[in-house]
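The values are calculated or read from the model by the stated rules, or taken from the named source; none is laboratory data. As the structure is a computational prediction, the values presented were derived from the model and not from experiment. With ideal geometry, Cβ positions are generated from the backbone for all residues, glycine too; neighbour counts draw on all protein chains shown. These accessible areas exclude ligands, DNA and RNA; they are computed on the full protein's heavy atoms, side chains included. Shrake-Rupley method; radii C 1.70, N 1.55, O 1.52, S 1.80 Å.
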Amino acid sequence: METVDAIVIGAGHNGLVAANLLADEGWSVRVLEATAQPGGAVRSGYVTAPGYLSDLFSSFYPLGYASPVLRALNLDLRWTHAPDVLTHVLPDGRTATINRSLEVTMASMEQFAAGDGERWRHAYEDWTDVSDRMLDTLFTPFPPVRGGLRLARRLGVGGSLRLGRRLMLSARELGSELFRGEGAKLALAGCALHTDLSPEEAGGGVFGWLLTMLGQEVGWPVPVGGAQQITSALVRRLEARGGEIVYSAPVSKVLVARGRAMGVRTVDGRDWRARRAIIADVPAPALFLDLVGARWLPPRLVEDLAHFRWDGATLKIDWAVNSKIPWRSPVSAGTVHLGADLNGLTRYSGYLATGEVPSDPFVLLGQMTTADASHSPEGTESVWAYTHLPHRASWSAGEIEEQVGRVEAVVESHAPGFLGRVVGRNVFAPGDMERENPSLVGGALGGGTSAAFQQLFLRPVPGLGRPDTPVDRLFLGSASAHPGGGVHGAPGANAARAAVARDRALTGAAYQAVVGAAHRAVYR
């Protein structure tokens, strides 16, 4: 075996964050990546036409920009913004826009109902009152004792209870409580649908609240030069600290002896030993069922994994456009929501909930050159759009092409002449996404549903809500772990912190004794 202190399975952004933090502790770290390039879902490429750069999977990073995890790494990045953060275009052509200027946003929301401008201000003031403590609480290991206590002290008993209630509301209910007009409600609900939750699902409102208020506070920035720059910065930082990445090295097995992770085996038959920890930036079912195997797991955990729920599939289209998009209503936002009013969002979600393909898709569109001029030649636009599909094992080419046509019809209806200006197109069906990144199982971007029944101590299954697993020195550091999907690095950071805590000379044995006892209590 080739031996290092820690092996990280997967060079997605969470794996790279974990590797960097362990390298900061002086550990020797080797990352084994299944594909030929790093980044997972944080990558860019030229897939439409020469000179048009596309962010291949994720794009726009309010969570990454605000994340205390990524901020602490001091990555070599330059961020840039579109003129507006987000515009939701209603079917009748009206627009609700979030701008980093509070006054501009208020004026947009005021058009839909008298007083909604001030209501937006009040909602934003509620957010800024707790935002730093909320983010610290969100992005630290569960239970978030320190951040939770700071938040509770700030809010008091009554305020804490009211916040707890707000976190349980659906996007529709929260919007109805905060606003009167459709514009602000749609901004909230549309952002909630960046996850796999419908406007009606409990707990969905918090995602809309988080994304809209972060948009107001810090915007939805992009790194200059594309999403790949985040990955490249993480790789440079890791390599500068002696870390190593091995590409085209899919892991086929975690090697376990006496209940302890000792190393991994790659598909070529090579064994790689880890003295101190193994961190897996792969989906929970892949880690436990495929790499570890039922022999080393409590039977109850294996049973619980049968109920693990994926988030919805994603269909993504990239276009190279030889001009700016000819919007019917002026739109200068980086991110644009198209195709539905609030009831339309509910109908769209209803199709997905029943396993049907939406006939009128809700479309999330990104104007990348508007946000970052380096994405395409001057006067043109590099554009992407995605919509959700039910999570399935496979899709026929005909089904995908039909839905692509529906998405393009939605864009064309709001920007007549758009299709005539397209000079290149790339389609990533759900299966294409999984082929590009094996962790995007069935085109699921979030590592599992964002529903309340699979969050906190229920993520990925009922347990501790921590990266520790029942196998000693093996840690889950992917979006399947708390706090879930999004480019913020918290699952990887949490896994690295747990690995370091387990390895401490004076307290590591006690740490593992407590974690082991807790696992036995949960999975007996």
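Remarks
- Some residue of the stretch 507-514 being open to solvent by 40 Å² or more (accessible area, probe 1.4 Å), within 22 Å of GLY204 (Cα to Cα) and outside any loop (DSSP other than H, G, I, E, B): no
- Considering the conditions (1) under 23 Å from ASP92 (Cβ atoms); (2) free of Cβ contacts under 8 Å to residues at least 12 places away in the same chain, VAL411 is excluded by exactly one of them, (2).
- Lone unmet requirement of (1) under 26 Å from LEU234 (Cα atoms); (2) at pLDDT below 95 for VAL29: (2)
- Subset of the stretch 394-404 [part of a loop (DSSP other than H, G, I, E, B) and either among the basic types (Lys, Arg) or surrounded by 14 or more Cβ atoms within 10 Å (Cβ to Cβ) (or both)]: TRP395
- Given (1) among the basic types (Lys, Arg); (2) under 19 Å from LEU364 (Cα atoms); (3) free of Cβ contacts under 8 Å to residues at least 40 places away in the same chain, index of the condition LYS185 fails: (3)
- Residues of the stretch 423-436 that turn out to be within 16 Å of SER54 (Cβ to Cβ) and either free of Cβ contacts under 8 Å to residues at least 24 places away in the same chain or surrounded by fewer than 19 Cβ atoms within 10 Å (Cβ to Cβ) (or both), as a count: 6
- The residues on offer are ASP116, ASP196, ASP126, and the sole one that is under 27 Å from LEU445 (Cβ atoms) and acidic (Asp, Glu) is ASP196.
- For the condition out of contact with any helix residue (DSSP H, G or I) (no Cβ under 6 Å at 6 or more places or on another chain) and either surrounded by fewer than 23 Cβ atoms within 10 Å (Cβ to Cβ) or under 30 Å from ASN99 (Cβ atoms) (or both), GLU356 qualifies.
- Taking the listed residues GLY215, GLY190, GLY203, the one that is surrounded by fewer than 23 Cβ atoms within 10 Å (Cβ to Cβ), touching a residue at least 60 places away in the same chain (Cβ under 8 Å) and out of contact with any Ser or Thr (no Cβ under 6 Å at 6 or more places or on another chain) is GLY203, with no other qualifying.
- Cβ-Cβ under 9 Å pairs, at least 6 apart or on other chains, the stretch 46-69 side without any contact (Cβ under 8 Å) to a residue 60 or more places away in the chain, far side of a type in the set (Phe, Trp, Tyr): TYR46/TYR52
- Checked against the criterion of being among the aliphatic types (A, V, I, L, M), touching a helix residue (DSSP H, G or I) at 6+ places or on another chain (Cβ under 8 Å) and farther than 20 Å from LEU365 by Cα, the stretch 84-106 contains one or more residues that satisfy it.
- Conditions (1) surrounded by fewer than 15 Cβ atoms within 10 Å (Cβ to Cβ); (2) under 17 Å from LEU86 (Cβ atoms): number failed by GLY158: (2)
- When LEU161, LEU197 are checked against the criterion of being at pLDDT below 95 and farther than 24 Å from THR335 by Cβ, a single residue qualifies: LEU161.
- When we screen SER439, SER450 for residues that are touching a residue at least 12 places away in the same chain (Cβ under 8 Å), buried (at least 20 other Cβ atoms within 10 Å of the Cβ) and either aromatic (Phe, Trp, Tyr) or under 16 Å from THR195 (Cβ atoms) (or both), the only hit is SER450.
- Filtered by the rule that a residue be under 23 Å from TYR65 (Cβ atoms), of a type in the set (Val, Ile, Thr) and touching a strand residue (DSSP E or B) at 6+ places or on another chain (Cβ under 6 Å), the stretch 223-257 gives VAL224, ILE230, THR231.
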